[in-house]
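Heads up, the thing below is written out as structure tokens.
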Number of protein chains: 2
Amino acid sequence: MGIIVQKFGGTSVGSAERIMHVANRVIQEKQRGNQVVVVVSAMGKSTDQLVDLAGKITSKPSKRELDMLLTTGEQVTISLLALALMEKGYEAISYTGWQAGIETEEQHGNARITNINPEKIKTELDRGKIVVVAGFQGATKDGQITTLGRGGSDTTAVAFAAALEADKCDIYTDVTGVFTTDPRVVKNARKLAAISYDEMLELANLGAGVLHPRAVEFAKNYKIPLEVRSSMEDERGTIVEEETSMEENLIVKGIAFEDQVTRVSVIGLPNELTTLSTIFSTLASHGLNVDIIIQSTTNDKKTIISFSIKTSDLDETISILEQEKSSLKYEKIESESNLAKVSIVGSGMVSNPGVAARMFSVLADNGIDVKMVSTSEIKVSTVISGEQMVTAVDALHSTFELSKEAAQV
Amino acid sequence: MGIIVQKFGGTSVGSAERIMHVANRVIQEKQRGNQVVVVVSAMGKSTDQLVDLAGKITSKPSKRELDMLLTTGEQVTISLLALALMEKGYEAISYTGWQAGIETEEQHGNARITNINPEKIKTELDRGKIVVVAGFQGATKDGQITTLGRGGSDTTAVAFAAALEADKCDIYTDVTGVFTTDPRVVKNARKLAAISYDEMLELANLGAGVLHPRAVEFAKNYKIPLEVRSSMEDERGTIVEEETSMEENLIVKGIAFEDQVTRVSVIGLPNELTTLSTIFSTLASHGLNVDIIIQSTTNDKKTIISFSIKTSDLDETISILEQEKSSLKYEKIESESNLAKVSIVGSGMVSNPGVAARMFSVLADNGIDVKMVSTSEIKVSTVISGEQMVTAVDALHSTFELSKEAAQV
């Protein structure tokens, strides 16, 4: 007997019928003798519908008012799920983010949780109630409603698991777990039984999309074991935790990839200390996310800075750099679109030299030109031609034997 | 320059286009130099849609969870109206009921306001902002979300007008004002320029439906002048206030009526002190509303109690009375359905004896049998056959010369 936090995403609660189904899932856990806190997202496409409604009124909505609007989505779900649990004979009570004690900074649209006061929820759990909490939302100290940004409901669930010292946090979603790579692209992709927080973080950041990086970070910091599993099927999911005893013999755990990548090169920059910070602070202040950054200096003491961005950000990026031309004093800007990023991730890399080299030779063997490289202790990312992305992922998946079950499993 | 509270009902804010139109109305008032607080209801049929959604999950929803669900409706409207005002270049900020400082008792579904703390709103008004507040909702001292029940948005508006010592509270609705009777039934029905709180209270209680009685009571207690007016048209509405200097020569101010009335008679009751209280406490405890009550004692010391109810409550009423037969010791129950209630209302009646008599003779002249009568200082109600309702209203409207403009106007 312990405390379990469960999180159900928008698809899982997309209709009254599905909410009844989710109620059964929650009750199963309660019947095992656990205290259960359930975190839910807005129903199906309801958030999109609210955004569309605001779009009929203004093209540049105030973020405060947008938060006011969007947080109604989860509020609808919590009340319906509480009603479903009661209808099935269980005591339940719902709480919005502010009622649940989720305090955030005053950063509308993308607030970070600054504090959680779980006393009210503890009291209700001790009274035997199932507690249903609205994901994705909180409030500032002075009661302004905020949202946590993308993946916010995952973050809410993990944050509560931490605050309540829960035994486990189950993330129910529309896939059955974390895969070695996207199963829609590589048919041999295999579900992992376990993965470490760091590996999951790299995969999450690389766009694997199952769990939000902020939620994984939170879980890592507070050592909350996560399980990513399907709300529709009963099979076990993927455990995300500190020690992955199983599958540890796998050097590479997964392959992440994304297309619509563009490389931008700023050529002929003077070799000044402030150049790097000027470029990237300026881009960041316009909300442009830069991914891989490479700097090289040529013989004539001129510097080239290359970085990768989403292709959709190209026009804005170029225009900002051109505005800064007089202060940056570069010679010219070049860009190349239709690129893709392919990354291998695995904590076994640290103790296995030569993994990057093996990756590069697989790519070379397949006639794939590597245009940018970035490495971390547990990851190697390459930028290649978008047309060759699937070939690269297939070849790497088979080279690193990801479709094989690990020996101990 | 003063403070004006405006309230817009669900039809007035039923779509993005209508919300833009409402924004114009609000801005007009702001441009006159006033500080403006706007109270809004949920958009169009959205409350009904939420109730339907809950109905798919349970037939007996918890009132707490239903409040959680329904209050999202107004929260959507406040954010959209604030966005619309900003889009038109005005500073605006939205508040839910709990944010706006509306404290209620813990009576989910039908809470009364216990306190209003308008400091936050005053501050924002002084900063030049238009403040948009969610009607119909509040929160208990410990932060449970509650709703104020039917007509709750009217009550919110009037309560804020009182708390802010507003100069005026404008109730925008889908009719152009308060009429002498329902203009859909009597074609000569005339819009009143002014009406007193007490008259409005009687008309509201009698089903005229434009303003909720609780809101009128509140306005009367705090002497807030109300104006009932159309959100679509620019014409003046009806002023509701203490002194109605205009039209004071009218003895009868309006005629209210409703059908689907049933008379129930409990016959042969022993003449005991507790009989009345037993019957009506029992019915009240089942949530059954009794309207007119008449008691008469016959020669043999047996008592007859007759009362009127909504026809839809008849089966439950009979069944409850039958369960209590052994304690009440009555002989039999009779009932008559297909009845209607027709009432004349006017504060001039107090000083004009014979108004009731004149009403009865008009009804008699038209061959209408009066089955029950109830009177107050400013009202006479009669229960008659439902088929004769329109004839009665027409005859009374013309007898009391309600289609004529008052001399002073």
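The values are calculated or read from the model by the stated rules, or taken from the named source; none is laboratory data. This is a predicted model, so every value here is computed, not measured. Cβ: placed from backbone, ideal geometry, glycine included. Neighbour counts: every protein chain shown. For accessibility, only protein heavy atoms count, side chains too; no ligands or nucleic acids. Shrake-Rupley method; radii C 1.70, N 1.55, O 1.52, S 1.80 Å.
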For chain A, set up a Gaussian network in which alpha carbons nearer than 10 Å are linked by springs, and say which option among A:Ser312, A:Ser79, A:Ser398 fluctuates the most. A:Ser312
Regression test value, accessible area per residue of the range B:3-174, probe 1.4 Å, units Å², expected 35
With r as the distance between the Cβ atoms of B:Val350 and B:Arg184 and R0 = 30 Å, compute the FRET efficiency 1/(1 + (r/R0)^6) and round to 0.05. 0.50
If you average the C-alpha positions of the range B:300-346 and of the range A:333-409 separately, how far apart do those two centres end up, in angstrom? 83
Since chains B and A are linked by a rotation, which residue in B has the beta carbon closest to its axis, and how far is it in Å? B:Thr72, 2
Return the loop-located GluC sites (Glu not before Pro) in the range B:45-146 (DSSP other than H, G, I, E, B) with at most 15 other Cβ atoms within 10 Å of their own Cβ; answer none if there are none. B:Glu91, B:Glu105, B:Glu106
D_trans [Stokes-Einstein, Kirkwood Rh over alpha-carbon pairs] for the protein assembly as shown, 37 °C, 0.692 mPa s, µm² s⁻¹: 105
Taking a quarter of the surface of the convex hull around the Cα atoms of the range B:3-174, what do you get in nm²? 9.1
Quick one: with all protein chains in place, what share of the accessible area of chain B is carbon or sulfur, to the nearest percent (1.4 Å probe)? 46
Which value at 222 nm does chain B reach when only helices count, each DSSP H run of 4 or more adding -39,500 (n - 2.57), with the total divided by all residues and rounded to the nearest 500 deg cm²/dmol? -10500 deg cm²/dmol
Nearest 100 Å² is fine: what is the total accessible surface buried where chains A and B meet, probe 1.4 Å? 3300
At least 40 Å² of accessible area lost relative to the chain alone, listed for the range B:74-92 with a 1.4 Å probe: B:Gln75, B:Val76, B:Ser79, B:Leu80, B:Leu83, B:Glu87
Qualifying trypsin sites (Lys or Arg not before Pro) in the range A:126-162, DSSP loop, other Cβ atoms within 10 Å at most 15: A:Arg127, A:Lys141, A:Arg150
How far apart, in nm, are the 7 Å Cα→Cβ label points at A:Thr311 and A:Ser361? 3.3
Measuring nothing but label to label, 7 Å from Cα along Cα→Cβ, what are B:Thr298's distances to the other copies in nm, shortest first? 11.6
Roughly what % of DSSP beta bridges within the protein assembly as shown run antiparallel, to the nearest 5? 60
What does the net charge come to around A:Val37 if you take all other residues with beta carbon closer than 13 Å to its beta carbon, with K and R at +1 and D and E at -1? 0
Charges only on Cβ, +1 for Lys and Arg, -1 for Asp and Glu: so what's the dipole of the protein assembly as shown about the Cα centre, in debye to the nearest 20? 80
Whole number please: convex hull volume per residue of the Cα set in the range A:308-404, in Å³? 128
Pseudo-label separations to other copies for B:Glu106 - Cα-to-Cβ vector, 7 Å, nm: 3.1
I'd like the mean, over residues of A:57-63, of how many other protein chain beta carbons sit within 10 Å of each residue's own Cβ. 6
Roughly speaking, what is the centre-to-centre gap between the range A:157-177 and the range B:149-164 when only Cα atoms are used, to the nearest Å? 42
Over the whole of A:47-54, what's the average partner chain Cβ count within 10 Å per residue? Rounded to a whole number, please. 2
Considering every Cα-Cα pair within chain A, what fraction, in whole percent, is farther apart than 26 Å? 60
FRET efficiency for B:Glu334 and A:Gln107, Cβ-Cβ distance as r, R0 = 51 Å, nearest 0.05? 0.15
Given the options B:Ser381, B:Ser337, B:Ser230, which has the most mean-square fluctuation in a GNM of chain B, springs set between C-alpha atoms less than 10 angstrom apart? B:Ser337
Let's test the formula: R0 of 56 Å, r as the Cβ-Cβ distance of A:Thr375 and B:Asp234. What FRET efficiency results, to the nearest 0.05? 0.20
Taking K and R as +1 and D and E as -1, what net charge do the other residues with C-beta under 13 Å from the C-beta of A:Phe360 add up to? 0
Per residue solvent-accessible surface (Å²) - the range B:255-399, probe of 1.4 Å: 49
Can you put A:His212, A:His21 in order of accessible area, largest first, using a 1.4 Å probe? A:His21, A:His212
Shortest first and in nm, the label-point separations between A:Arg127 and its counterparts in the other identical copies (7 Å out along Cα→Cβ) come to 3.6
